[in-house]
1. Restricting attention to the stretch 300-343, report how many residues are in a helix (DSSP H, G or I) and more than 24 Å from residue 404 (Cα to Cα).
2. Please determine, by comparing only the residues of the stretch 195-210 that are in contact with a Lys or Arg (Cβ under 7 Å, 6 or more places away or on another chain) and open to solvent by less than 40 Å² (accessible area, probe 1.4 Å), which one is nearest to residue 162 (Cα to Cα).
3. Among residues belonging to the stretch 289-299 that are assigned to a helix (DSSP H, G or I) and out of contact with any Leu (no Cβ under 7 Å at 6 or more places or on another chain), point out the one that is surrounded by the fewest Cβ atoms within 10 Å (Cβ to Cβ).
4. Can you tell me which residues in the stretch 1-33 are open to solvent by 60 Å² or more (accessible area, probe 1.4 Å) and touching a residue at least 40 places away in the same chain (Cβ under 8 Å)?
5. Out of the residues in the stretch 84-114 that are in contact with a Gly (Cβ under 7 Å, 6 or more places away or on another chain) and of a type in the set (A, V, I, L, M, F, W, C), state the one that is nearest to residue 401 (Cα to Cα).
6. Take the residues in the stretch 345-366 that are outside any strand (DSSP E or B), under 24 Å from residue 154 (Cα atoms) and of a type outside the set (Val, Ile, Thr); name whichever of them is most open to solvent (accessible area, probe 1.4 Å).
7. Determine the pairs where a residue that is farther than 21 Å from residue 332 by Cα and in contact (Cβ under 8 Å) with a residue 60 or more places away in the chain, located within the stretch 393-415, has a partner that is open to solvent by 30 Å² or more (accessible area, probe 1.4 Å) and in a strand (DSSP E or B) with Cβ atoms under 6 Å apart, the partner being 6 or more residues away or on another chain.
8. Working carefully through the options 150, 126, find the one that is farther than 16 Å from residue 241 by Cβ and in a loop (DSSP other than H, G, I, E, B).
Amino acid sequence: MKTSKKLLIAVLVVIIAGIYYYISLPAFNLHSSDTWFFIIFLLIILLFIIIFRKKFRKEEIKQSKIVKSLGFVILGLGVIYLVGSLLSSPIINARQYQKLMKVEEGEFTEDVQEISFDQIPLLDKDSAAILGDRKMGSMVDMVSQFEADDIYTQINYQGRPVRVSPLRYASTIKWITNQANGIPAYIRIDMANQNTELVKLDQGIRYSTSEYFNRNIYRHLRFAHPTYIYGTLSFEIDEDGVPYWVAPVKKFNIGLFGGETVGRVVLCNAITGEMEDYAIKDVPQWIDRAYSADLLVQLFDYYGTLKHGFLNSVLGQKDCLETTDGYNYLALDDDVWMYTGVTSVNGDQSNVGFVLSNQRTMETKYYKVEGATEAAAMASAEGQVQNLKYHATFPLLLNISDEPTYFIALKDDAGLVKKYAMVNVQKYQIVAIGDSVSQCEENYLSLLLSNGLKEIAEDTREVQKITGKITKIAQGVIDGNSHYYLMVEGSDDIFDVSVVDYIDVIRYEVGDEVTIEYKEDEKANTVMSLK
């Protein structure tokens, strides 16, 4: 009888442990806090089962050897965990924490090149989600069964800045009726031109966050690698549009629980569930997010605040720097870089520089550029349209005419982008507003000229000459001024003649012979003399 009771207790403990493990999915790893809590939880369950089975009274509990032994083991594990946490903390290991991230100083105008309008990511995550929901609303064959997930990972796809997010089952009932075929599509949004696509797949996504049981992506990853401690998952697509889950594996470099970085990355095909395991240095180029932005911010804060030890970071705070609140992303060299400002720990309203950190390699560069914080720039932009009550998004850092510039989208209460702003980082009173990106930049460049931050570029083009009969004449108006556009036999070029400068152009007709002195330009050559 006693044997059967012990067997029953053992089976009960195993069942409870199995249920706990299946739901919470702790890693079997001494560096994982979940492992310690799992063991302590099992011992506490076992202790309560013994107490209730033996029907101990209060005084008997204190005298029971097995209860005492289990109690000491639980207490001992708790003490080891607390001591391990302390010995792994920056309090004891400030120098090691400060060296977790290698930071190089960079030159802004060399590292951050000017980009064309069609490459500037105009949408933040919230705006992307609105576009994604709108797209789903127009898909009558799917909207009743699925909804857009709120992941919207920013990646580079075929040289374009995009955000991608899978669909998810609209409810448990919808999962039951659709899970056999999986999720049929994902959303891809071009952040520059706001083109939103619902990319339908030949085979459905069978592994996702909205799955239950073994096809849940977290459970699928855990059962494949029971000892891995995963970081924040991201949803990405490769250059062929195949969806993957990117699961960074945490690496603890200091003691039991401290000095978190990324040691490996597990790629899981969202359709087939097949996995590939890479060391962080061998991660494929197309992956854009191995290190989360929050982890990179934390690592830089260790670098900036612990230069002279932990006590200095709390008391004297000499030479202590920290990141500002919030971050954004830049696409550079086919990688996604996390951007955030850097300020002194005193909490003033100015930045001493900013940092760019590669989310695939952790390569980090610091730029000494004094100027306004992102919050101050956002307030300046909102102040320009305060009558419209638009709200500024977190800035994107751009190189505009070799000037570090905050680019900000201004949204209405519905979350729709209505205007754009450019704010000079070093002189944040220089604020340009425009209904389009091109108009905003044009206004901004005019302000740079008027404030002496930009000089009119010297025209080094050579004056050339051509003589021939006019084969075609057309008229146009630019900025309120009339222009004639001529084509001359023997040349495919277009010649732009300003009527203000050369009024006699109105006398010419097709067939007349002319001699034109001009300077080459992209679309039409600029006429310097007309005879």
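The values are calculated or read from the model by the stated rules, or taken from the named source; none is laboratory data. Just so it is clear, the model here is predicted, and its values are computed rather than measured. Reconstructed Cβ throughout: ideal geometry from the backbone, glycine too, with neighbour counts over all protein chains shown. Areas reflect the complete protein model, heavy atoms only, side chains present, ligands, DNA and RNA absent. Shrake-Rupley method; radii C 1.70, N 1.55, O 1.52, S 1.80 Å.
1. The number of residues fulfilling the criteria is 7.
2. 196
3. Across the stretch 289-299, the extreme among qualifying residues is 294.
4. Within the stretch 1-33, 5, 22, 28, 30, 31 qualify.
5. Checked the stretch 84-114; the qualifying residue nearest to residue 401 (Cα to Cα) is 100.
6. 363
7. What qualifies is 411/391; 411/417.
8. When all the criteria are applied, what remains is 150.
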